[in-house]
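A.B. asks: Structure incoming, see below.
Nothing in this text is a laboratory measurement; each read-out follows from the coordinates by a stated rule. Only a predicted model underlies this, so the values are computations on that prediction, with no experimental measurement involved. A quick note on method: Cβ atoms are made from the backbone with ideal geometry, for glycine too, and the neighbour counts reach across all protein chains shown.
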Amino acid sequence: MAGRDINNIIELIKDNFKAAFSNPIVVATLIAIIILPSLYAILNIEACWDPYEKTGNMEFAVANLDNGTTYEGLDLNVGNELVNGLKNDTNFKWVYVSESDLREGVKNGTYYAGIVIPKNLSENVVSITTEDPQTAKLYYVVNEKTNPVAPRISQQAANAVYKEINAKIVEFINLAAYAKLGELQSSLSAGSGQLSSGAAQLSSGASQVSSGAGQVSSGAAQVSDGASQIEGGADQVSEGAVQVQEGSSQVQEGASQLESAVDVSQLPEGQVKQVVSSSLDLANASSQVAQGSNNLANGSINLASSSAQLARGSTELAEGSLSLAAGAELLSSSAAYALVTAASALAGASNSLAGVTGINETALGDYFYSPITLDTVELYPVDNYGSQVAPFYLVLSMWVGALITCVMIRPGTSTGTKYSPLEMYFGKLALFIVMALLESAVTIALSFIIGISISNPLMFIFSCAFVSVVFMIFVYSVFSALGHIGKAISILLLVFQISGTGGIYPIEIMDPIFKALYPYLPMTYAINIVREATLGLLWSNYMPSFWVLIAIAVATVIICLIIKERADDAAHYFEKKLEESGLF
């Protein structure tokens, strides 16, 4: 750049600053331009500081119609308990009215919303303990027309009531179940005692079976001895019967010989005839005795055989009785062990339930209200919502500040002047950069005053000033090169950047067009570096965005200078025609 060019640039800079202080009206206008962007940011941040902190003046209607009910002799009215709980809730202004007043008030806008607690609420809550449980209902009435945000805030109130009711219901159900646990604990305890008693009786019975088996075994031994004696006597009887039979046979043979030798009928009457006749009768009687002795011997043998079988059966019975006794004793031992184990388990369960059922019901209700707690680990914690949205509104105000400044102060064209497009560009740029720094200074000061949470003050100051200068260079360059077309481009970018930079809502939930534009919008990277400096600095996030903004500024200057060199006259002509219309 030649020395003449530099002198002309310096001359333009001096003229611009001299004009800035030429009269009080210009000074006042410039001060207004410097302050307005900061007010845009600060007022929006302040409004978002804690939106739910100021809902205490919002009226939320409640109509409690609950008639209540009884449960196990106790009066229960969930609606009244809810109303008593809401009296301590200062998040909203709770107004208790009739159902008709509530519905009419919501309809005409007196109340943003309201909840009707029906007559059968308590009955439906208690019905969970019956065979026909009914769903407990609340009726939420909301007027969507009154205000776009109020219904969303009122929904928070409805959720508070809903959660409170649910907490009461869960508490009731669990306490009812807790009472049933107490009954179960008593039953288990009694069952444990019965099983222990049954185990003792079974063991005693097994002992009696074992004793009886011993007696059977002893008796079987005696039967066996007696059978042996009978068997021995039967042998002796059999031998005697054989001898008797042999003697009888001899006697009968002699009688037969006598009878064949002597005809008794031919003998004369007298002693001889009587002796012979008696001998024959004796022989016949001896034969009968021999036959009887033989029968006796056979019967004795049969008796001995049966006695032996009886002895063997008695022995087998004794052995079976002993096996039965052993099995009964083993069964008794196993069954008694099983019963004792079951009794011990039931006793343990009973003791465990006793530990549960002994808990204080108030503490138990608190536990059931929140059986699981959530421990939150917060990275880069922020005290308020206002500080969370501050990066977006601060960066947005810097773009708005650049836009207002370029609209109010002419970037100028070189047409009709002694200055070249390049000299005009740089000569005017200095004033705009100073305005950007002053605007950022006011914004930074007010950010500290209202108490935005700033983790790194030095980087916050640097980042805000840096972003303000980059935005001013971008908007000024577009205005300087393209005139009114540049204004249109800057305003259009503003519109897209409000929703397309992920400043408040995640970009993932936005329309596809914003997702596509997101990487190409300057505010995307500006919000990132201001957020890092404000809420917690991570260099790996900060530096890439910082270099992208540098690249945007350099690229903008180069491109706009090329355009200005070639199209400055055309831009001037375009502006002149618009001015001639009297509308611009």
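A.B. asks: Can you tell me the length gained on complete extension of the stretch residue 487 to residue 119, counting 0.36 nm per residue apart and subtracting the Cα distance?
C.D. replies: Length gained, residue 487 through residue 119: 126.2 nm.
A.B. asks: Something else: Give, in nm to one decimal, the length gained when the segment between residue 11 and residue 31 is fully stretched (0.36 nm per residue of separation minus the Cα-Cα distance).
C.D. replies: My answer for the length gained is 4.8 nm.
A.B. asks: If you don't mind, there's one more thing I want to ask. At 7 Å along the Cα-to-beta-carbon direction for both residue 379 and residue 433, put a label point, then send me their distance in nm to one decimal.
C.D. replies: Output for this residue pair reads 3.7 nm.
A.B. asks: What distance in nm separates the simple spin-label points at residue 135 and residue 74, each placed 7 Å from Cα in the Cβ direction?
C.D. replies: Result: 2.8 nm between the two label points.
A.B. asks: Go through 107/515; 107/137; 107/163; 87/137 and tell me which ones have a Cα-Cα distance over 32 Å in this structure.
C.D. replies: Beyond 32 Å: 107/515.
A.B. asks: Right, something else. Could you list which residues have their amide H under 5 Å from that of residue 536, counting only those 5 or more apart in sequence or on another chain, with H placed in the peptide plane?
C.D. replies: Answer set, sorted by chain and number: 455.
A.B. asks: Follow-up. Please express the Cα-Cα pair-distance distribution P(r) of the stretch 54-147 as a list of whole percents, one per 10 Å bin, running from 0 to the bin with the greatest distance.
C.D. replies: Each 10 Å bin holds this share of Cα pairs: 17, 41, 28, 12, 2.
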